[in-house]
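Please treat every number below as a calculation from the coordinates, not as lab data. As the structure is a prediction and not an experimental result, all values here were calculated from the model. Positions of Cβ are generated from backbone atoms using ideal geometry, with glycine treated the same way; all protein chains shown enter the neighbour counts.
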Amino acid sequence: MRIGVIGYGYWGPNLARHFAQIHECQLVAVADSDEGRLEQIRRRYPTVRAVARGEELIDANDIDALAIATPISTHYALAREALLGRKHVLIEKPMTATASQSQELIALAEEQDKVLMVDHTFVYSGAVRKIRELIEAGELGQIYYYDAVRINLGLFQRDLNVLWDLAPHDFSIMSYLIDQAPVAVSAVGAAPIRRDGWKPESIAYVTVEYNDGTLGHLHLNWLSPVKIRRALIGASQKIVVYDHLDTDNPVKIFDKGVEAVTDEHRRRILVRYRTGDMYAPKVDQTEALELACKDFVACVCTGRRPVTDGWAGLRVVQLLEAAQRSLEAKGKTALS
């Protein structure tokens, strides 16, 4: 499979590195508008074409697929032209700026019989895949909540706020782990950093409600002096702590919880605490992006549907739109 990468800024170099190493794949060209980055490409990949315009890769006859790692505002137009040009497409998160754009790309990919995949990298991590295994095996019981903290001194961007930058990670994980559609989303945020009319929200708190009472909650912050990437998945039998920054034991299972019991003598409900062991299961340490890139290549070669296909990308964009509407309405609940 011959592939090109459009965008060599923050994430593009990682995509190029992995595609260059996959045996079934040939990295043919990389496009970026910055001449300094083009020179980096030429030095690192002497046999790879380095061009200034992404359109040159879309029109190229020696390219089968394109990875798009550009600002979100350009995703829809580039992906649409690529699909019309009979190219398979991998898009960085979030998929598009609106759900209607995502729906159009899905329909176009199906019409052209091409693979459309979104790079929700965390879904491919060994930790998240292990948690899904535990849920499917019934080891955790009924899921009660997904509570995540994703904070650091963030990279402020002109076309994104903290919601659109960080929430796609947890929205994609939640969609992968919680097998039901959300029914409501609410969000509040603040934009303390402002200048010349530019005031992106850099702090946000998001709540996602599901029909069975399961709650998802995200704490997102670009203004934290410490970096935290941690989620708790609480369930009726066990509780999972997922810490992305703990490379040795990213997943810990706690056999702890609470149970409601009835005191027949006093006719009241009592809460009984259960305390058991904690263990850290073995987790695949393969880099998640490597697995995502390999899945894309395999899907192009075999016609198989990716784990994070266009529909998965659409679900995340729908959650983002709902959260943004609530954010602008000062926390008023929005349907997803």
May I ask you to sort HIS217, HIS169, HIS244, HIS120 by Cβ crowding, counting other Cβ atoms within 10 Å and putting the fewest first?
HIS217, HIS244, HIS169, HIS120
Could you tell me how many degrees, from 0 to 90 and to the nearest 10, lie between the Cα long axis of helix 99-112 and the main elongation axis, the longest principal axis, of the Cα atoms of the chain?
60 degrees
For the residues ILE135, ILE228, ILE143, what sequence is obtained by ranking on other C-beta atoms within 10 Å, fewest first?
ILE228, ILE135, ILE143
Based on alpha-carbon centroids, what's the gap between the stretch 273-308 and the stretch 91-148 in Å, whole number please?
12 Å
I need the shape label for the chain. Rule: rounded when a/c is under 1.5, else prolate if a/b > b/c, else oblate, with a, b, c from the alpha carbon gyration tensor.
prolate
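Using helices alone, I'd like the mean residue ellipticity at 222 nm for the chain: each DSSP H run of four-plus residues gives -39500 (n - 2.57), total over residue count, nearest 500. Don't skip to the answer; put the middle values down first.
Numbers: 9 runs with 114 residues, N = 336.
The helix-only estimate for the chain comes to -10500 deg cm²/dmol at 222 nm.
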Given springs between every Cα pair under 10 Å in a Gaussian network model of the chain, which of VAL30, VAL185, VAL51 has the largest fluctuation?
VAL51
In nm², the average projected area of the convex hull spanned by the Cα atoms of the stretch 1-153 is 11.7 nm²
Any idea how far apart GLU328 and GLU133 come out in nm if each label point goes 7 Å out from Cα toward Cβ?
4.3 nm
Residue with peak Gaussian network fluctuation, the chain [Cα springs, cutoff 10 Å], from LEU223, LEU177, LEU78:
LEU223
Once the dipole of the chain is set up from charges on Cβ (+1 Lys and Arg, -1 Asp and Glu), the residue from the list ILE131, LEU66, ILE22 lying farthest towards its positive end is ILE131
Using a basic spin-label model with each label point 7 Å from the Cα along Cα→Cβ, how many nm lie between ALA190 and ARG42?
4.9 nm
Working from Cα positions, state the angle (0 to 90°, nearest 10) between the long axis of helix 310-328 and the longest principal axis of the chain.
70 degrees
Principal axis box of the stretch 128-171, alpha-carbon based, largest edge first, Å
43, 18, 16
Lysine pairs in the chain 8 or more apart or on different chains: how many have alpha carbons under 15 angstrom apart?
7
What FRET efficiency comes out for the pair ASP62/GLU287, r = Cβ-Cβ distance, R0 = 45 Å, nearest 0.05?
0.95
Using Cβ contacts closer than 10 Å as the measure, can you line up ILE193, ILE3, ILE203 from fewest to most?
ILE193, ILE203, ILE3
How far, in degrees from 0 to 90, does helix 12-21 lean away from the longest principal axis of the Cα atoms of the chain, to the nearest 10?
80 degrees
